[in-house]
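J.: Please see the structure below; I have some questions.
None of the figures in this text is laboratory data; all of them are computed from the coordinates on show. If you're wondering where the values come from, they're calculated on a predicted model, not measured in any experiment. Every residue, glycine as well, gets a Cβ built from its backbone with ideal geometry; the counts of neighbours run over all protein chains shown.
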Amino acid sequence: MNRLFTNIIIISVVLFLFSPLNCIGAENFIPDEIARDLATLEAAVIKGSEGRYLLNMGTNNHIKKGNLWTLYSTGEQIIDPVTGKKLGALPVPLAVCNVIHVEKYFSEITINCFSKPCTIQSGFTAHRFRDIKATFQDVNGSSFHLYELIRARLPELDWQEYQRIENTPRTMPSPEEIVIVADKKNITIWNGGEILTTYEEFSSVLSESQASIIKPELPGTEKKVRQTIQKNIPGLSGGTPGLNTFLEIKGISAVADIDHPLTSMGIMTPVDSETPYFIWLYNKTVDARAVDGTEKYQYDYKGFGEVINMSIGHNGLVVLNIYVQGEGMRSRVLRFSRNGFTVLSKDIDHFMKFSGISENNGKLSLIGQNFDADSFFGLDAFHLDIDIATGEINRHNTITVPPGFRMPGAFFADLNGNGIQESAFYNAGGKLVIYEDDKQKWESPAPFGSSSSILVDDMTNATNAPSELRLWPQPVLFKSDNLIFAVIPANNSGFWRIASVNSPNVGLGILCPHNNTYTFRLLNTRFQGPILSISLYGNNLYVAVVEGSSFTGKGNTHILAIPMQELKESLK
């Protein structure tokens with residue numbers, strides 16, 4: 001009987017992988033990724049010696065060899081004939097520029113004038129990927145819908161006629177155009193005769209059935225009458241097949257909407273207050289909004305660094321981690337009260353976050369790790385404490401961690417209840433690994449997708465290209481039956497794409513200790529976009545789902561609430 005069941009499962013997976021339904025359309029994140037890679041950028045031209053021309057941007061602005069730019073002169077002033085008011089200048093395109101060499105702060109370009117000769121002067125503006133010819137080559141006509149999505153997201157390009165081509169050897173694309181070649185397996189982007197990037201074309205089939213959802217029940221407010229809605233749910237995109245490895249969750253509440261993507265989200269009660277607030281990070285701004293919408297506060301970071309994430313603790317404490325190019329990681333601690341945000345400490349030279357059991361608003365442990373130029377982070381982590389009165393931060397003991405340990409997305413806990421604390425983190429390949437006493441006990445079957453990434457300079461050798469530092473959402477830990485479980489977003493993961501025909505890149509799972517090992521069980525609910533942050537407050541788990549593009553800054557964030565009691569019951 002068991003052998004028959006195994007054969008049925010294997011046949012089902014094979015049929016799914018080769019089913020025509022699996023090729024219906026590319027997942028939305030592919031057009032968003034392409035829109036990020038082909039985003040416009042403005043630079044100034046520098047006329048160098050010996051007839052060479054430069055741009056005042058380099059690897060510090062993610063410029064790559066082959067990037068194409070349109071060069072403009074200032075043009076004539078446009079004057080309103082009625083009012084006589086100067087409305088601005090109409091730029092005149094002069095040439096196409098191709099990046100042939102990149103340094104940290106500048107790039108060398110070649111220039112091909114539209115009308116020869118043309119006079120190029122220092123200070124002329126150049127716009128990357130604007131008015132550049134772009135062609136979409138669809139191999140055997142399998143990706144026309146993807147072409148429509150990409151073209152709609154990139155109106156700045158000079159789109160040429162859609163091309164359907166046969167799967168035959170192709171010539172090298174022109175060094176003055178962008179060519180996107182798509183087939184059933186891969187998407188390759190050529191720019192300036194160079195391959196900019198290649199994607200695997202994940203596909204999905206969306207179910208017509210929708211998961212049930214409950215109208216908002218906000219923390220700290222009176223309980224409202226529940227009403228089930230069957231469709232058009234912000235943040236959700238339907239159910240998954242009834243596999244016994246999935247957790248059945250139905251009572252989901254939509255509690256808030258934010259009109260842009262965010263980086264981190266949490267919920268907390270500020271000092272000297274009883275009102276809970278949603279707190280989220282977007283670019284360099286921390287926003288706090290009362291759950292009933294009556295009050296709002298804001299903190300703007302004015303420094304030169306990039307605020308990469310946020311961590312929320314107790315007593316109104318908020319940690320911001322900031323990367324400053326050429327200097328490394330810096331952190332600062334804020335305190336949120338009824339009077340708004342105040343800075344307790346800043347310019348802390350390591351990565352920090354709160355970690356530990358946060359159920360019922362219990363005290364969290366503040367931990368840190370030194371930033372290292374060679375390996376991104378140092379070998380040791382450490383517990384910290386902070387003096388609320390002075391903002392002074394001190395170490396009080398070191399945590400020994402395995403080689404390759406990185407703080408983003410990591411956590412420490414005695415998951416299996418044997419009295420020994422495990423360390424869990426994402427390795428260089430993006431897989432979640434668990435160590436106990438320096439011995440690896442578990443590794444996820446496939447990598448987890450990061451929520452974001454930044455480029456980190458090589459501070460030892462400035463001529464080297466920046467390296468990518470990926471950031472994962474912080475898991476939420478909770479106790480049930482004397483065991484500790486971790487709620488973990490599962491984004492952009494090939495394993496879950498095989499397990500489900502529905503929204504393969506957006507899931508939420510529970511890491512469960514089981515017979516001296518661990519299993520990862522997904523919720524049956526699928527989401528409309530990546531999960532960028534989760535937070536536990538009171539009796540609910542709050543999930544921030546981004547619908548749109550977190551890279552272009554366009555889209556919405558839906559905050560959903562999952563009852564913890566239902567989540568715990570589903571584990572039994």
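J.: Most exposed first by the Cβ proxy, i.e. fewest other Cβ within 10 Å, how do Phe114, Phe405, Phe351 rank?
T.: Numbers: Phe114 12, Phe405 23, Phe351 28.
Fewest-to-most Cβ neighbours within 10 Å comes out as Phe114, Phe405, Phe351.
J.: Identify the trypsin sites (Lys or Arg not before Pro) of the range 39-135 meeting these criteria: DSSP loop state and at most 15 other C-beta atoms within 10 Å of the C-beta.
T.: Taking the range 39-135 and a limit of 15 other Cβ atoms within 10 Å, the loop trypsin sites (Lys or Arg not before Pro) found are Arg52, Lys85.
J.: Right, here's the next one. Whole-Hz ³J(HN,Hα) for each residue in the range 293-304, computed from phi via Karplus 6.51 cos²θ - 1.76 cosθ + 1.60 with θ = phi - 60°, x for glycine and proline: what do you get?
T.: So the J values, rounded to whole Hz, are x, 7, 9, 9, 9, 8, 10, 10, 7, 9, x, 8.
J.: Counting only residues 5 or more places away or on other chains, whose amide H sits under 5 Å from the amide H of Ile252 once H atoms are built in the peptide plane?
T.: Ile214
J.: So, R0 is 25 Å and r is the distance between the beta-carbons of Leu41 and Thr74; what FRET efficiency does that work out to, to 0.05?
T.: Given R0 = 25 Å and the Cβ-Cβ separation, E is 0.85.
J.: Below 16 Å, Cα to Cα, which aspartates and glutamates can Lys346 reach? Residues fewer than 8 away in the same chain don't count.
T.: Asp300, Glu306, Glu327, Asp385, Asp387, Glu392
J.: Read phi for every residue in the range 66-77 and hand back ³J(HN,Hα) as whole Hz from Karplus 6.51 cos²θ - 1.76 cosθ + 1.60, θ = phi - 60°, with x for Gly and Pro.
T.: x, 4, 9, 10, 9, 9, 10, 8, 5, x, 7, 5
J.: At a 10 angstrom cut-off on C-beta neighbours, averaged per residue, how do the peptides 471-483, 287-299 rank from highest to lowest?
T.: Per-residue Cβ counts within 10 Å, averaged per peptide and sorted highest first, yield 471-483, 287-299.
J.: Can you flag which of Lys86/Lys116; Lys133/Lys185; Lys441/Lys572 are past 27 Å Cα-Cα?
T.: Lys86/Lys116
J.: Let me ask something else. Near the amide H of Glu295, under 5 Å away, which other amide H atoms are found, from residues 5 or more places off or on another chain, if H is placed in the peptide plane?
T.: Ala290
J.: Rank the residues Val92, Val271 as a footprinting-exposure proxy: fewest other Cβ atoms within 10 Å of their Cβ go first. Write down the numbers at each step before the final one.
T.: Values: Val92 12, Val271 16.
Ordered by Cβ neighbours within 10 Å, fewest first: Val92, Val271.
J.: For the pair Lys572 and Lys65, what calculated FRET efficiency results from E = 1/(1 + (r/R0)^6), where r is the Cβ-Cβ distance and R0 = 60 Å, to the nearest 0.05?
T.: 0.60
J.: Let me ask something additional. Which ³J(HN,Hα) values, rounded to whole Hz and listed in residue order, are derived for the range 515-525 from phi using the Karplus coefficients 6.51, -1.76 and 1.60 in 6.51 cos²θ - 1.76 cosθ + 1.60 with θ = phi - 60°, glycine and proline given as x?
T.: 6, 6, 9, 9, 10, 10, 10, 8, 6, 6, 7
J.: Could you list which residues have their amide H under 5 Å from that of Gly409, counting only those 5 or more apart in sequence or on another chain, with H placed in the peptide plane?
T.: Under 5 Å from the amide H of Gly409: Trp472.
J.: Measure of size requested: the Rg and Dmax of the range 38-93, with Cα atoms as the atom set and Å as the unit; please supply both.
T.: In Å, with Rg to one decimal and Dmax whole: 15.9, 48.
J.: With 10 angstrom as the radius, rank Val456, Val543 by how many other C-beta atoms surround their C-beta, starting from the fewest.
T.: Final ranking by Cβ density, sparse to dense: Val456, Val543.
J.: So how far apart, in nm, are the two label points at Thr125 and Thr197 if each is 7 Å from Cα heading toward Cβ?
T.: Here the modelled spin labels are 2.5 nm apart.
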